[in-house]
Amino acid sequence: AINPLYLPGHSLAVISSRAFGSKIGDNVYLGCTLFVESDLVEIGDNVTLQTDSVLQTWIIENRILKLRKIKIGNNVYVGERSTISLGSVIRDNTVVHPLSITAKGSKYPADIEIRGAPGKIMDKSYSSVLGKTIQSLKLNAQYDGKGRKLSVCNFFVQFGIVVVVMIILVGISS
């Protein structure tokens, strides 16, 4: 079933994805595109999936539909328009750079940075400065200027969006 309450960038995306079968930890930001196969997605704590990133849990090869689970560990940042391919395992403390694509069925170690298509592990000497900057931006993006988590302070706005969506859905069905 398609998740009608998936609103990228809102805590409602996390809540509704959990309701549809995803295993999602705490302090997760889902700015990614809608993933229909929710039961094939496992995401740890403190994870950011930026705008238009994709969790690709399926592929058709030789007229055969193949489904594979995606596992994302704790403290992971997935950049804009990156694709996590089916069967991929992204372990803890990993940064996937924007516009990167992980190889199908790839299993990456912890504490690395992935860049390119197909995603390759970056040299530690180059990646350390960039990785720290991205991790810092990730943490700052989840809090407002007063130190409150955005998902908490925007609860009423998100609740209002849900009410409007429900009103629209009821109006369309009648």
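The values are calculated or read from the model by the stated rules, or taken from the named source; none is laboratory data. Fair warning: this is a prediction, and the values are worked out from it, not measured in the lab. Quick reminder, even Gly has a Cβ in these numbers, built from the backbone with ideal geometry, and neighbours come from all protein chains shown. Heavy atoms of the whole protein, side chains included, go into the accessibility calculation; ligands, DNA and RNA do not. Shrake-Rupley method; radii C 1.70, N 1.55, O 1.52, S 1.80 Å.
Return the residue satisfying two criteria in turn: it lies in region 71-103 and is of a type in the set (D, E, K, R) and out of contact with any Pro (no Cβ under 8 Å at 6 or more places or on another chain), and of such residues it is least open to solvent (accessible area, probe 1.4 Å).
Of region 71-103, the ones of a type in the set (D, E, K, R) are 71, 80-81, 91-92.
Filter once more, keeping what is out of contact with any Pro (no Cβ under 8 Å at 6 or more places or on another chain): 71, 92.
Details: 71: 90, 92: 61 Å².
Going through the qualifying residues, I end up with 92.
Given the residues 13, 19, which is the only one that is open to solvent by less than 40 Å² (accessible area, probe 1.4 Å) and either free of Cβ contacts under 8 Å to residues at least 24 places away in the same chain or under 10 Å from the mean Cα position of the chain (by Cα) (or both)?
Details: 19 fails: open to solvent by less than 40 Å² (accessible area, probe 1.4 Å).
Checking each option against the conditions leaves just 13.
I'd like the full set of residues that are in a loop (DSSP other than H, G, I, E, B) and loosely packed, with under 15 Cβ neighbours inside 10 Å, limited to region 104-125.
To start, the set of residues in region 104-125 that are in a loop (DSSP other than H, G, I, E, B) comprises 104-106, 109-112, 116-119, 122-123.
Answer for region 104-125, where residues must be in a loop (DSSP other than H, G, I, E, B) and loosely packed, with under 15 Cβ neighbours inside 10 Å: 105, 109, 110, 111, 116, 117, 118, 123.
Among the candidates 137, 99, 169, single out the residue that is aliphatic (A, V, I, L, M), over 22 Å from residue 16 (Cβ atoms) and modelled with pLDDT under 90.
Numbers: 99 fails: modelled with pLDDT under 90; 169 fails: over 22 Å from residue 16 (Cβ atoms).
It is 137.
Return the residues of region 1-44 that are part of a loop (DSSP other than H, G, I, E, B) and among the charged types (D, E, K, R); say none if nothing qualifies.
The initial filter retains those residues of region 1-44 that are part of a loop (DSSP other than H, G, I, E, B), namely 1-10, 20-22, 25-28, 31-37, 44.
Answer for region 1-44, where residues must be part of a loop (DSSP other than H, G, I, E, B) and among the charged types (D, E, K, R): 26, 37.
Collect the residues in region 54-70 that are under 17 Å from residue 3 (Cα atoms) and open to solvent by less than 40 Å² (accessible area, probe 1.4 Å), keeping them in residue-number order.
55, 57
Condition first: hydrophobic (A, V, I, L, M, F, W, C), farther than 19 Å from residue 122 by Cα and part of a strand (DSSP E or B). Now tell me which residues in region 60-103 satisfy that.
Just the residues of region 60-103 that are hydrophobic (A, V, I, L, M, F, W, C), to begin with: 60, 64-65, 67, 70, 72, 76, 78, 84, 86, 89-90, 95-96, 99, 101, 103.
Right, trim to farther than 19 Å from residue 122 by Cα and you get 60, 64-65, 67, 70, 86.
Correct list: 60, 64, 65, 67, 70.
Check residue 48 against each of (1) touching a residue at least 40 places away in the same chain (Cβ under 8 Å); (2) β-branched (Val, Ile, Thr); (3) open to solvent by 20 Å² or more (accessible area, probe 1.4 Å) and name the one condition it does not meet.
(3)
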